[in-house]
Amino acid sequence: MVELSARVKTMTSSPTLKLVQIKKQLQAQGKVILDFGAGEPDFPTPENIKNAGVEAIQKDFTKYTPTSGIAELKKAIRTAYLAEQDYEAKDAQIVVSPGSKYGLFILLQAVIDPGDEVIVPLPYWVSYPEMVKFCGGAVVFADHLKAQPAFELTAASFISRCTPRTKAVIVNSPSNPTGMVMKGEELAELIAFFHKKNILVIVDDCYRKIMYGAGKYPPPLKLVPAAHEHVAVVSSLSKTYAMTGWRLGYTIVSEALAAAMTKVQEHSTSNPCSISQKAAVEALAGDQGAVLAMVEEYRRRRDYFAKRVDEIGRIAYALPDGAFYFFADFSHYIRRKKFQDDNQLAMDILEKLNIILVPGSAFGAPDHLRISYATSMQDIRAGLDKLEAYLRHDG
């Protein structure tokens, strides 16, 4: 057998994608699975976006495109971002990629050298540590597990972890897995501090349009005007527009960083999917009614979840400000059922109830479970009925 590289040997598989495989295997066995593990909307891609994709195919827009994205899409990104964030980006600052995950990956590849440190929030999205390690970097955690209020994202938690080896900071807001949103004053303090240290602040805002509060999303590229070259914004269409399979995201960075990322993309994927880019133009420039409807439905589900979890009792959580996840402390029930950890609890729930939940350990938070409400109210009611009966039973 061919010897594998040292870097790939150190990588772990994505626990969330592994659950997708488990779900498909169980469904192939004829089992009805209630999936509370999904990190993707249960809604279909809106019709106007699908029609734009079909039209692109029918008009033979199926060739290579510029590596960093077509001009039409960059214009749509600039227009939408200016309207939302009051920041006017240049085409040369935008890199369109096959998904925001890949955008973050090539951004880290362009910035991180072996030995560099990257500060990552704890709990973290599962791919952050693996991407940093793949670059030869070291992961340092800004701990929000013990924050009061629970999971609150603060500048101090990141600043306290800064060392001479720090090269970049990743802020995830709204957070996956907690749904917390970093307040504007906290983000401004963080950006101002790391700007003075010549350290890049990467803001992963993939869920920024799925928010439940009245306020606007704090604009990372505008909060500290002098620091915009030290800020990178990684954005996605997947969650907002139910386009997970279309694989399209974009990054807004300094022109120098965009050029470096484009070089990496040139020698890896060549360019994003041409058809998806045309669909993305319509997503950003077209009617936003479907997005508003999806967010309102997520809010309804979130509120129902909170009511039911409160009724079950002994489950600590913070009400999500955004995204579509509950991240809750199940330590009482882990002990009550005499399990070793959250992994055992999640596996027992899967085996006995056919319900998929994601163990908190996957996000660096033992004793927790991530519960996605990106599924139908019918399944949510049925799943919570089963879960309540299971948790109340001593066996």
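The values are calculated or read from the model by the stated rules, or taken from the named source; none is laboratory data. Fair warning: this is a prediction, and the values are worked out from it, not measured in the lab. Every residue, glycine as well, gets a Cβ built from its backbone with ideal geometry; the counts of neighbours run over all protein chains shown.
Looking only at residues of region 321-360 that are of a type in the set (Asp, Glu) and without any contact (Cβ under 8 Å) to a residue 24 or more places away in the chain, we find that the one that is nearest to MET182 (Cα to Cα) is ASP348. Under the condition of being in a helix (DSSP H, G or I) and more than 20 Å from PRO218 (Cβ to Cβ), the residues counted in region 80-120 number 12.
Residues of region 180-214 that are under 18 Å from ALA227 (Cα atoms), surrounded by fewer than 22 Cβ atoms within 10 Å (Cβ to Cβ) and aliphatic (A, V, I, L, M): ALA188, ALA192, ILE199. Considering each residue of region 177-197 in turn, at least one proves to be within 20 Å of ALA365 (Cα to Cα) and small (Gly, Ala, Ser).
Taking residues in region 226-254 that are in contact (Cβ under 8 Å) with a residue 12 or more places away in the chain and on the phi < 0 side of the Ramachandran plot, and partners anywhere that are among the small types (Gly, Ala, Ser) and part of a loop (DSSP other than H, G, I, E, B), the pairs with Cβ atoms closer than 6 Å and at least 6 places apart or on different chains are GLU229/SER254; THR244/SER238; GLY249/GLY99; ILE252/ALA89. For region 366-377, filtered to residues that are in contact with a strand residue (DSSP E or B) (Cβ under 7 Å, 6 or more places away or on another chain) and of a type in the set (A, V, I, L, M, F, W, C), the residue that is nearest to PHE326 (Cα to Cα) is ILE371.
Considering the conditions (1) modelled with pLDDT of 95 or more; (2) not in a loop (DSSP other than H, G, I, E, B), LYS209 is excluded by exactly one of them, (2). Restricting attention to region 145-195, the residues being over 22 Å from GLY39 (Cα atoms) and either at pLDDT 95 or above or in the same structural domain as TYR317 (by TED's automatic domain parsing) (or both) number 29.
In this structure, is ALA279 farther than 30 Å from ARG302 by Cβ, at pLDDT 95 or above, aliphatic (A, V, I, L, M) and more than 15 Å from the chain's Cα centre (by Cα)? Steps first, please.
Details: farther than 30 Å from ARG302 by Cβ: no; at pLDDT 95 or above: yes; aliphatic (A, V, I, L, M): yes; more than 15 Å from the chain's Cα centre (by Cα): yes.
Judged against the criteria, ALA279 is not a match.
When LYS24 is tested against (1) touching a helix residue (DSSP H, G or I) at 6+ places or on another chain (Cβ under 9 Å); (2) under 30 Å from TYR124 (Cβ atoms); (3) of a type outside the set (A, V, I, L, M, F, W, C), exactly one condition is not met: (1). Which one of these is within 25 Å of ASP321 (Cα to Cα), modelled with pLDDT of 95 or more, buried (at least 17 other Cβ atoms within 10 Å of the Cβ) and in contact with a Cys (Cβ under 8 Å, 6 or more places away or on another chain): ILE119, ILE77, ILE112? The unique qualifying residue is ILE119. Exactly one residue out of VAL111, VAL20, VAL54 is β-branched (Val, Ile, Thr), closer than 24 Å to LYS239 by Cα and not assigned by TED's automatic domain parsing to the domain that holds GLY360: that is VAL54. Scanning region 216-228 for residues that are in contact with a helix residue (DSSP H, G or I) (Cβ under 8 Å, 6 or more places away or on another chain) and farther than 12 Å from GLU84 by Cβ turns up LEU223, VAL224, ALA226, ALA227, HIS228.
The criterion of being touching a His at 6+ places or on another chain (Cβ under 6 Å) and buried (at least 21 other Cβ atoms within 10 Å of the Cβ) does not hold for GLY383. The single residue among SER268, SER276 that is in the same structural domain as GLY213 (by TED's automatic domain parsing) and part of a helix (DSSP H, G or I) turns out to be SER276. A count restricted to region 10-43 and to residues that are loosely packed, with under 13 Cβ neighbours inside 10 Å and either of a type in the set (A, V, I, L, M) or within 19 Å of the chain's Cα centre (by Cα) (or both) stands at 5.
Find the residue count for region 345-395, including only residues that are farther than 29 Å from THR12 by Cα and more than 21 Å from the chain's Cα centre (by Cα).
Keep residues of region 345-395 that are farther than 29 Å from THR12 by Cα, which gives 376-395.
Now narrow it down to the ones that are more than 21 Å from the chain's Cα centre (by Cα): 377-395.
Total meeting the criteria: 19.
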